[in-house]
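No lab work stands behind these numbers, since they all come straight from the coordinates. All values derive from a computational prediction rather than experimental measurement. Ideal geometry is used to build each Cβ from the backbone, glycine not excepted, and the neighbour counts take in all protein chains shown.
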Amino acid sequence: MMISHSQHRQVTKILTDISARMIEGELNEYCRSGNLDLAEEDYLDIIDKKTASLFAASCQIGGILGNASDEEEHSLVEYGTSLGMSFQIIDDLLDFTGNEKVLGKPVFSDLNEGRITLPLIYTMNNDGGMNRKRITEILKEKKKAEEYAFKSREVISQFPESVHREALILIPEYFLTRNK
């Protein structure tokens with residue numbers, strides 16, 4: 001199937017915009033590297049720009065190429081954003097709780113690189129220490145990631161029942177239970 005000229009322009013614009021957002025997120029993270037006073041909303045803004053916007057753009061482009069209505073396209077963007085937020089929070093949790101052999105990278109690598117993630121923000125706000133047991137207890141709650149996963153499932157549930165919708169509903173659950 002050939003992509004129409006207007007779809008091509010729209011996809012190109014989305015890819016250009018997402019590239020700029022991701023660069024902005026990377027620069028924001030770099031500028032705040034090592035800042036233990038990073039607020040939760042700043043962290044969420046960074047991962048929204050770096051990760052969630054990529055998921056959102058991917059879903060939006062899929063919708064465009066699948067001839068989704070404007071409303072469906074908007075819902076796909078919302079789904080992708082929530083899914084990306086959930087994915088990144090879980091990824092950051094795994095940096096604290098994961099198994100180095102399973103992850104394929106050293107645990108605490110984000111921290112060693114000066115990345116301030118949500119688990120560290122919660123820990124610093126609660127006791128200010130780096131007690132691994134305390135960090136593990138906080139991380140197992142996964143509350144914030146679960147909120148975004150729930151939102152992504154809620155949004156995609158508005159689409160007509162299909163095997164594709166069911167597959168998209170399963171992705172957030174996979175993210176919440178993955179170990180690498």
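Some points to look at:
- In a fully extended conformation the segment linking K13 and N28 would gain 3.1 nm over its present Cα-Cα distance, using 0.36 nm per residue.
- All other residues whose Cβ lies under 14 angstrom from that of E24 are scored, Lys and Arg at +1 and Asp and Glu at -1, for a net of -2.
- When each of D95, D17, D70 is scored by the number of other beta-carbon atoms lying within 10 Å, the sequence from fewest to most is D70, D17, D95.
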